[in-house]
Amino acid sequence: MSKQPTITVTETGNLHIHIPMLIRRMRGRKVIIVPKALDGDVSDSPGTVQTAIVQALARAFSWAEVIESGEVKSISELATNLDVDNSYVARILKLTTLAPDIIEAILNGEQPAGLSLAKLTRTFPVDWEEQRAMFGFTTD
């Protein structure tokens, strides 16, 4: 098992994201601690990541895989199996269309201040440059 986060593109063009992490309780909340950044640098102190956004990203890619594999035939069937609303499943699945660098920044705890799951699940552009501008990611 790799100790470093990785993002790979499969032959079908899908992203495969591997994130080793620790979940700790801090001040009554669960916090995800990521040991290394994707570029391999180890920070002096572990970065904290917004748990709700990371969980939503994990769900999105997991659900997309279930649909793409044919285990379920539609978003509607998936929502029924999960006992959640169709629109919720659709909003979470849309996270799979975020620019890879936005996903990486979120997983590394480097998202802009004020970015929330609520903002990410609103309608956003398909174009990655427009996403970066909309969510406050700078392109240095």
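What are the pairs with Cβ atoms under 7 angstrom where one residue, in the range 90-104, is over 15 Å from GLN55 (Cα atoms) and the other, located anywhere, is of a type in the set (D, E, K, R) and not in a helix (DSSP H, G or I)? Sequence gap at least six, or different chains.
Note: no pairs meet the criteria.
For a quick check of your reading: which helices (runs of 4 or more DSSP H) sit entirely within the range 51-133 and have at least 3 residues that are open to solvent by less than 40 Å² (accessible area, probe 1.4 Å)?
Once the helices (runs of 4 or more DSSP H) in the range 51-133 are filtered for at least 3 residues that are open to solvent by less than 40 Å² (accessible area, probe 1.4 Å), what remains is 51-69, 86-93, 100-107.
Of these, ILE23, ILE32, which one is in a strand (DSSP E or B), modelled with pLDDT under 95 and either within 18 Å of ILE7 (Cβ to Cβ) or touching a Cys at 6+ places or on another chain (Cβ under 7 Å) (or both)?
Criteria check complete, one pass: ILE32.
The values are calculated or read from the model by the stated rules, or taken from the named source; none is laboratory data. Since the model is a prediction, treat every value here as computed from it, not as a measurement. Using ideal geometry, Cβ is built from the backbone for each residue, glycine included, and neighbour counts are taken over all protein chains shown. SASA here: full protein model, heavy atoms, side chains in, ligands and nucleic acids out. Shrake-Rupley method; radii C 1.70, N 1.55, O 1.52, S 1.80 Å.
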